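Everything below concerns the one structure shown next.
Here, each number is a calculation from the coordinates, and none is a lab measurement. Since this is a predicted model, take the numbers as computed values, not measurements. So basically every Cβ, Gly included, is an ideal-geometry build from the backbone, and we count neighbours across all protein chains shown.
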Amino acid sequence: MESQCCPGGCQIVPVWNFVALWPSEKEKEDIILISDDDDGDEVQCPDDDDDSTQESSVVFVEPQEKSPLEEKGSEEMVDEEGDLVVTYCRQAYVMPHARHDCSTHPFERAESDACSPLGRNQEICEQCYCYICDKLAAECQLWTVPSLCHCNAHNKSNFWKAQRNLALAGVLATFNLELLELDAELRQGGDLLEKFIKDLSVAYNKYLLGEKMCPPGQECCCELKLPPGQCSVCSSQKVEVVYK
């Protein structure tokens, strides 16, 4: 509406000319919404000149979604006060262990029973170790051998402890040495001593296969005059027999 003149020289101006108008559809298109990914950088409006920039930005911050742990809330609480919360859970990793300490398969103890496996002692998991051989139970050659069943071995038996010391210390076990006392030099000496005992045993067995020779000059004193070493009455029978 155009301004009108009234008597007396007054001019009437419509009041809506002084009221701020809402943005037009064109102006609405020039409003740019900036998400939080733009880090508050200044954005230039499409109809603005190249030299002009948007001085302020409108940033809409969306509320952060609750984590699954917060949604479960009370289900994850361990104590009443909420000071301790379970944040992660997974299956425990099984460390190497002796067969009698296995948590997967039950174990039956006995003092010195080595005739046959007791109960389910022969069952093993991937981390079960032989108490005697000190290696994986799957690699033990005497695990279920009758009269030598290593599957029944445990650390509460003096019998099995002695068997373990003998297996790990070898011939040095006769000297009543602790396993912690066996250093590299002692173990090397034990290996040499064990080799010497084996060689001596082989030589002695060959010696026993030889011909018996009685010492000269030991004749029979009886009337029969038997050859030396053949009389069961006189002292010549007690003479030590020599092999060759």
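Worth pointing out:
- Residue list for the stretch 121-132, restricted to those being of a type outside the set (S, T, N, Q), within 18 Å of W160 (Cα to Cα) and touching a Phe, Trp or Tyr at 6+ places or on another chain (Cβ under 9 Å): C130, Y131, I132
- Pair list, Cβ under 7 Å, 6 or more apart: the stretch 88-101 residue touching a residue at least 60 places away in the same chain (Cβ under 8 Å), other residue surrounded by 13 or more Cβ atoms within 10 Å (Cβ to Cβ) and in a loop (DSSP other than H, G, I, E, B): none
- Note on the stretch 123-154: residues that are surrounded by fewer than 14 Cβ atoms within 10 Å (Cβ to Cβ) and either aromatic (F, W, Y) or touching a strand residue (DSSP E or B) at 6+ places or on another chain (Cβ under 7 Å) (or both) total 1.
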